[in-house]
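S.K.: Here it is, the structure, as structure tokens.
The values are calculated or read from the model by the stated rules, or taken from the named source; none is laboratory data. Computed from a predicted structure; not experimentally measured. Reconstructed Cβ throughout: ideal geometry from the backbone, glycine too, with neighbour counts over all protein chains shown. The protein model used for the area step is the full one, side chains on, heavy atoms only, and it has no ligands, DNA or RNA in it. Shrake-Rupley method; radii C 1.70, N 1.55, O 1.52, S 1.80 Å.
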Amino acid sequence: MDLREKLLRHRKDNRLIIAGLGALLLVFTAVFFYLQRGRDLPSALVANRVLLFVLWYANVVLILTVLFVLLRNLFKLVIERRHRILGSTFKLKLVATYVGLSLIPVLLLFAIATELLQGSIDRWFNTPMAPVLERGNAVAQALYDRIERDNRRDARRTLREIRGIDVGRAEERPRLTRRMQELLGEMELDLLAVYEGTDFVHAVLNPQSGLSDLPEPGRDFLGEAVATGTAARLLDAPEAPGRLVLAAVTSPSTAGGGAGDKRPPILVVAGSLLDPGLAESTDGLIRDAQSYRQLEVQKDDLRASHLLIFLMVTLLILLASSWVGLYLARRVTVPIQALAEGTRRISGGDLSHRVDVEADDDLGVLVESFNRMTQELESNKAQLERSNRELVEAQQLAAWNEAARRIAHEIRNPLTPIRLAAERMLRKKQQGDPGLGQAIEDGVDIIVREVVTLEGMVDEFSRYARMPRPRPDHVDLSRLVGDALNLYRNLKPGVEVEADVDPSAASAWLDGEQIRRALINLLDNAVEATEPPGRVTVAARRENGHLEIRVADTGRGLPPGSREKLFLPYYSTKGRGTGLGLAIVHRIVTEHQGTIRVEDNVPKGTVFTMELP
């Protein structure tokens, strides 16, 4: 999965989480709304409580999200440091520094803001606002109550004055109108209306009030008056400024013209139009008093919601500080980690590795210099390997020339006694010498012995010539060295053989059988050259990306001037053998793309060092 797919998947997951939280918010808000509506609370109070609930939910979700992200980042930092990941300590210190630097002022600001908020809310609710608003509300309510009482009194008087008039007869209508207009002027009302039950009969309006049409009081208002005998209502006046205060009274039901026929009660509605300014002032006082009472009820919720907001801002600042610390730490640690990995790869021999990471400023220069150095190392290595190949070839040519010369010399040596033995037998025969039989026996012995010598020489050279190329594999070097040393322990009393294999070199990639053969040849020479008391040590370690295997002895050392010829075929300092042992060692090492060198072992002895890639 590439980076683009990961980002798209991450974005999709975030959208699902946000959608789920939004759906939960809608469900919880709806449930909370219906619970509040079921308590018969005012609509404004319900709306305020719903808004506070939404604010609480949003704050709690944000706080939990911020805490989760903050704690997750800190937990990752602790885990990285526990696993000793490169740069984790620096990253943790940088994040701790940023969080620490921001924590003190943020907590101080949080404490001061909380105290100021607490004091402001307390002072707000402790100021003499409540008595003022309550008195204003009482005055406004008393004004409405007085107007309602006056209108109810005028409606009863009107009901008494029209008791002798049959409001259901059309011929009585002019009389009803005149009386209602007289009463309207006497009582300084703005509206008088007569109903029979809830059915409209007649109404008169004060032309100076601005009312041009009879307002509709509502059938619920009329029904309440019929049912209870009286009712009151505050209406907006149609086509006129101000508020209309209505009061209604009813008379008991009266008998009609037929026997047993009951007519609905007579209902009189009296109305007074309030001045627009006065109406607005009284309504404002009432609204202010109601709002203040709602605020008092929600005081604790307001305080808690503001505290949540402050806490959320504090956590957001801490999150921003930790994020900035992490961002800056990554800008430093990521290139450092890449450089460390590049160093490890290069020390392992992978000179083709390049550090590919975004970095700027000094780190960018460092990364560029590192890559340029690696490129130069790779180029130098390629040039060196090419030079070495031209040299492992010139040396081979010289070695084969020397080998050919030495082979010719070694073959010539046994041919002389063979020729002399044959000539001696021929001469004995020609002379008829009675000692011919003994001469034949002696000559045959000489010829057979020298031919056997030639055969051994040819076999050893054949093995050297057809040595297979290495087949590297994972090898337990500790075990390989131990097996080789076991062949020489207690072989020569007084000469100790021991191993010193570093744990970093315990496992290697090489041809185990060929390296074992090289070790045996070196050990054979070392043990032979060491007289008791003495010691032969095989040590292995990793050095500068290479594997070093050292065979050191405390023997007699090398003759002067022999080091340049040690690894030539058929050269020996022991006076016996074929002289191919060290040549085989040299070939095994060079076939492994390595080198071998010989040095003096201080204070005495010799050290052979095989350096393998």
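S.K.: Could you calculate the FRET efficiency of Val448 with His474 from 1/(1 + (r/R0)^6), where r is the beta carbon distance between them and R0 is 51 Å, rounded to 0.05? Before the final figure, lay out each step's value.
M.R.: Working: r = 48 Å, r/R0 = 0.95.
Plugging the Cβ-Cβ distance into 1/(1 + (r/R0)^6) gives 0.60.
S.K.: Ranked from the most accessible area to the least, with a 1.4 Å probe and all protein chains present, what is the order of Phe75, Phe32, Phe221? Working shown, then result.
M.R.: Values: Phe75 130, Phe32 50, Phe221 0 Å².
Per-residue accessible area, sorted high to low, gives Phe75, Phe32, Phe221.
S.K.: With θ taken as phi - 60° and the coefficients 6.51, -1.76 and 1.60, list the Karplus ³J(HN,Hα) couplings across the range 603-611 in order, rounded to whole Hz; mark glycine and proline as x.
M.R.: x, 8, x, 9, 10, 9, 10, 9, 10
S.K.: Rounded to the nearest 10 Å², what accessible area does Glu441 have for a 1.4 Å probe in the complete protein model?
M.R.: Using a 1.4 Å probe on the heavy atoms, I get roughly 110 Å².
S.K.: Let me ask you something else. Could you sort Ile520, Ile411 by their accessible area in this structure, using a 1.4 Å probe and putting the largest first? Don't jump to the answer; show the numbers that get you there.
M.R.: Details: Ile520 40, Ile411 60 Å².
The residues order as Ile411, Ile520, largest area first.
S.K.: Now for a separate question. Taking R0 as 45 Å, what's the FRET efficiency between Arg72 and Ala382 from their Cβ-Cβ distance, rounded to 0.05? Write down the numbers at each step before the final one.
M.R.: Values: r = 48 Å, r/R0 = 1.06.
Rounded to the nearest 0.05, the efficiency is 0.40.
S.K.: Using the per-residue mean of other Cβ atoms lying within 10 Å as a proxy for protection, in what order, highest first, do the peptides 197-207, 423-433 fall? If you can, show how the numbers build up before the last one.
M.R.: Numbers: 197-207: 16.5, 423-433: 12.8.
The densest-packed peptide leads the list: 197-207, 423-433.
S.K.: Calculate, in nm to one decimal, what Arg542 and Glu423 gain on full extension: separation in residues at 0.36 nm each, minus their alpha carbon distance. Each step should come with its number before you reach the end.
M.R.: Values: separation 119, 0.36 × 119 = 42.84 nm, distance 6.18 nm.
Additional length available on full extension: 36.7 nm.
S.K.: Multiply the residue gap between Arg175 and Ala58 by 0.36 nm, knock off their C-alpha separation, and tell me the result in nm, one decimal place. The partial results should precede the final answer.
M.R.: Details: separation 117, 0.36 × 117 = 42.12 nm, distance 6.92 nm.
Difference between extended and current length: 35.2 nm.
S.K.: If I ignore ligands, DNA and RNA and count only protein heavy atoms, how much of Ser379 is accessible to a 1.4 Å probe, in Å² to the nearest 10?
M.R.: That residue has around 70 Å² of solvent-accessible surface.
S.K.: Further question: Which FRET efficiency, nearest 0.05, do Arg163 and Glu216 yield, Cβ-Cβ r, R0 35 Å?
M.R.: My answer for the efficiency is 0.85.
S.K.: Can I ask one more? Rounded, prolate or oblate: which fits the range 67-109 when a ≥ b ≥ c are the square roots of the eigenvalues of the alpha-carbon gyration tensor, with rounded for a/c under 1.5 and prolate only if a/b beats b/c? Walk me through the numbers on the way to the answer.
M.R.: Numbers: a/c = 4.39, a/b = 1.82, b/c = 2.41.
Oblate shape, in that a/c is at least 1.5 and b/c is the bigger or equal ratio.
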